[in-house]
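Since the structure comes first, as structure tokens, the remarks are kept for the end.
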Amino acid sequence: MNWLIFINNHILKGHSSSYGLFVGGLLLCGGIMGMPAPYNHYFYLGLFIDFGCIPWLLVGILFRIFKYFKK
């Protein structure tokens, strides 16, 4: 569904948004929190490991910046 939203927003020029991208990263954070002691301190890495969360958000922001300066 994430790719359909991307196609709708940027290729077909429609408008929609989805917070479903963060579900995988949040579940990964929850799984890391359930790990033993030294590893559960790095639960926030789940948001960076899952490409749909922070990395995809940064790609989207960079795409918007390049699109803004291209005009």
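Between LEU27 and LEU12, what length in nm is gained on full extension when 0.36 nm per residue of separation is reduced by their alpha carbon distance? Intermediate values should be presented prior to the final figure.
Working: separation 15, 0.36 × 15 = 5.40 nm, distance 3.10 nm.
Here the segment from LEU27 to LEU12 would lengthen by 2.3 nm.
With Kirkwood's inverse mean 1/r over C-alpha pairs for Rh, give me the Rg to Rh ratio of the chain, two decimals please.
Values: Rg = 15.4 Å, Rh = 13.7 Å.
When Rh is taken as the Kirkwood radius, the ratio is 1.13.
Could you work out what % of the accessible surface of the chain is carbon and sulfur, using a 1.4 angstrom probe and leaving DNA, RNA and ligands out of the count?
Numbers: 4280 of 5760 Å².
For the chain, the apolar C and S fraction of the accessible surface comes to 74 percent.
The values are calculated or read from the model by the stated rules, or taken from the named source; none is laboratory data. These figures come from a predicted structure and were not determined experimentally. We work out accessible area using only protein heavy atoms, side chains counted, and drop any ligands, DNA or RNA first. Shrake-Rupley method; radii C 1.70, N 1.55, O 1.52, S 1.80 Å.
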